[in-house]
Structure formats: C-alpha cells, structure tokens
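Coordinate-derived values only; no laboratory data. Just so it is clear, the model here is predicted, and its values are computed rather than measured. Here the Cβ positions follow ideal geometry from the backbone for every residue, glycine too, while neighbour counts run over all protein chains shown.
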Amino acid sequence: MFHELVSHNNDIKKLLVKGYAIALDSNHLVVRDVPYIDSEGQLQSGAIVSKLKFVNKQRAAQHDHQIYFAGSHPHGIDGKPIKNLGGGPHSITLDSSDVVVERSFSNKPKNGFADHFDKIESYVRIISGPAMERDGANPFTFRSTEKVAGESVFKFQDTLTSLAEIGDLSALFKDEVIAIIGLGGTGSYVLDLMVKTPVKRILGYDRDPYHVHNAFRSPGRLDEEKFDQPKAAVYQGRYENFREGVTLVAKHIDASCADELKEVTFAFVCVDKGSSRAGIFDLLIAQSISFIDVGLGLDRKQGALNGMLRATYFAADNAEALRDRDLAELVDHGNDEYRVNVQTAELNALNACIAVIRYKQIKGFYLDENAFNHMLFKVNDLTMLGEEL
C-alpha cells in the first residue's frame, strides 16, 4: 500500500525523493527524524503525523491543515517556545510503537496548503528551523520506514477510523476470529457488518443454496447467475474484493465439528431450526466459545405481522446454565409465519445489528451500562427489553 500511495500521489513522492523518512501508518502520513530543540536547549528528534483522506484506493488528499507531533513543544534558539503553533496536548493510537503522539499543532497559511508536500515543508520550517540553524540538523535522512506493524485486513483504507481517532478501539478486534453459523436472513447481515469490522478472520457456514427468497432478505446486489449456488460461495464472491480473512464454507455445523472452530474466539448462531441450534450450542459450550444466538418470531395479529427479535449472549463461563433456561428454542416447531413471510429484510437487519452491537459492547468498543445477556425487541411498539442473567 505504501508504494501505491507514493506512485499515485506526486506530492507524497516529492517528500520521499527529497529525503524525508515518510511512512503510512493507520491511515496517517508519518514523517520521522524531524529535528527540534527542546525546553532544555537539547537537540531532539520527533515525528510529524498528518491525517490522510483517501479519495479512492490509491489517491489521498489532505484532511485539514493541522498536524500531530511526537515530541515535546519545539523551542527557538532563544530558549522560548516557538510561537504560532496552536493546538495542545493530544494523542493518537498508531501501529508503530516508536511514534507516540503527544500534541497537535495548527498553523494555517492564508491560502491554505497546496498539497501534502507544501504542508510538511511548512511545518518542518517552523519546528526544525532553529535546530537546522544552530546545529546544522536536517530531516532529510532518506531513512526507509515504509514497513510498519499492523497491516490492515481491508483492501481499501478505512479512513474514517483514523479521522475519528478511534484506532485504539478498532485494535480491540485485531486478534478476533469470528464464526457465523448460518448465512440466511439475519446471518447474511451479521456477515455484512462483520466484514466491515477489523477482526482478524471471519468463518461462515451454511450448506444451503442461494434462492430468490435469499435475495429479498440479504444485503448486496442480485446476480441471477448465482441462483442455486451455495450461499457460502455467493457471499464469498461478494466480499472477497473488500477485505482479507473471509472464509465461507458450504457446510452444516453440528456437535462433530470441533476442528472447524478450534481457532474461533467468538461466534454468532443464526439458524432458525431448534434441533440444529441445540447441536451447535453443544459444540460451542464444549469448546468454551462465547456466542450470541439470534431469533426472529412473527405471527399475524389484527391483519398485520407482529412478533419479537431476540439476541441472547452466552458467555463461555455461564453458557450451560443459560441454555438450561430455554431462552432459545432447541426443538423444532411448525406454523412459523416467518418461514412464509420471507420479505422481512428490515427485521433481519435489525436483529443482526442488535447482535453485533452487543458483541462490540462485550469487546469494549461501545459503552455497556447494562451487561444484558438476553435482549428482546418488540415489533408492535418498537421497544427493547433487556435482562442481565
């Protein structure tokens, strides 16, 4: 990605050619080896960090006129802090451990900066000017630092994560291996949401074929030639250009599939058959894998459909006790309106959203003030009920 960035952005290429030690890190442009004088009059080396706003996969524009700095406040030869550097204490989480952002700086020229080259040159003159004049220091080290830790799973840069400065929260998912068991109505939406979450790997299982009704309750485009192919294959093709680490298999998961899930850290159970759910529960509990099970039940009342969505969290340390409370159906039932009225994409999507939001609360990405294990959403009055078990 670094080489693509340089080859398709002439302003960034000019920085490299001039000798700046530039790198790409967490969707930020990083310039290391920036000399400056500290408050004690000592020569130090810092780093400039600038947010990137990706226009497409290869081109990046400036986000704004500000920069972030890894180092203390630069001082002049007279020992006084350099003026005209607005901002203040600030931190940003990067993948590189050697660049620790401590503050932000703001020095916007009247007409703004023409490009990244203009921006970096301007800030280097201000920050490094005294050190260059007094000590003959310069930032043109030609040091190659393009290889940084934490290579993204995404094939396109997730610019909004860096712009929102939540890289530390996204890092909570970097070692997660997620299993999605069942890629039907709700499972397909769980897959869509998890594909866009920076988990390490996603494993999906569903042996059923992709039929017309699946198109009405799943995200993404409809390709007629995909009908009768396994759902796993259809969705594999749909997402393979978006990220790495997605493996979808046309397979039924039951209690005999321990090897399939040996690396899984969390699972979503999205099946509508009680007997299948029972076998999956046995497997996940035996493997000490925490999981969320979803359910959607509808019936007709007063001429309209009514019902509830359910998301139940089974933590590994209490899953067996929760299973015994019959919160999820573990036997098969007939006469379910849901199996007839399949065009309920909004309910499938909402059920998936509730499950994924709860998972992200468990991981610490979202604030969790209730620690609910069992959640119900009522269709008729749009209310959510939760219970901590």
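Each of Met194, Met384, Met308 was scored by other Cβ atoms within 10 Å of its Cβ. Listed from fewest to most, they are Met384, Met308, Met194.
Per 0.36 nm of contour for each residue apart, how much would the distance between Arg221 and Gln58 grow if the chain were fully extended, relative to their Cα-Cα spacing? Don't skip to the answer; put the middle values down first.
On the way: separation 163, 0.36 × 163 = 58.68 nm, distance 2.50 nm.
Length gained between Arg221 and Gln58: 56.2 nm.
Look at Thr344, Thr141 and count the other Cβ atoms within 10 Å of each Cβ; fewest to most, that gives Thr141, Thr344. Subtracting the Cα-Cα distance of Glu102 and Asp282 from their residue separation scaled by 0.36 nm leaves 59.9 nm. The modelled label-to-label distance for the pair Lys110/Ala258, using points 7 Å beyond Cα in the direction of Cβ, is 7.6 nm.
Determine the percent antiparallel among the DSSP beta bridges restricted to the chain, to the nearest 5. Please report the intermediate quantities before stating the final value.
Values: 49 of 66 bridges.
Expressed as a percentage, antiparallel bridges in the chain total about 75.
Under 5 Å from the amide H of Gly76 lie the amide H atoms of Ile82, each residue being 5 or more positions distant or on a separate chain, with H modelled from the backbone and absent for Pro and chain starts.
Take every Cα pair under 8 Å in region 193-265 that's 6+ residues apart, average their separations, divide by the length, and report that relative contact order as a whole percent.
Values: 82 pairs, mean separation 30.2, N = 73.
Relative contact order comes out at 41 percent.
Subtracting the Cα-Cα distance of Arg325 and Glu346 from their residue separation scaled by 0.36 nm leaves 4.7 nm. Taking a point 7 Å from the Cα of Phe142 along the Cα-to-Cβ direction, the residues of region 20-63 with backbone N closer than 18 Å to it are 20-23, 32-34.
Determine, for Thr312, Thr186, Thr265, the number of other Cβ atoms within 10 Å of each Cβ, and report the residues in order from fewest to most.
Numbers: Thr312 24, Thr186 32, Thr265 17.
In increasing order of surrounding Cβ atoms, one gets Thr265, Thr312, Thr186.
Computed on the Cα trace of region 168-387, the radius of gyration divided by the Kirkwood hydrodynamic radius gives Rg/Rh = 0.94.
A simple charge model with +1 on the Cβ of Lys and Arg, -1 on the Cβ of Asp and Glu and nothing else charged puts the dipole of the chain at about 1300 debye relative to its Cα centre.
Helix-only estimate, please: 222 nm mean residue ellipticity of the chain, summing -39500 (n - 2.57) across DSSP H runs of length 4 or more and dividing by its residues, to the nearest 500. Before the final figure, lay out the partial values.
Values: 11 runs with 106 residues, N = 389.
Helices in the chain give a 222 nm mean residue ellipticity of -8000 deg cm²/dmol.
Note on Lys200 and Asp78: their simple-model spin labels are 5.5 nm apart, each label 7 Å out from Cα toward Cβ.
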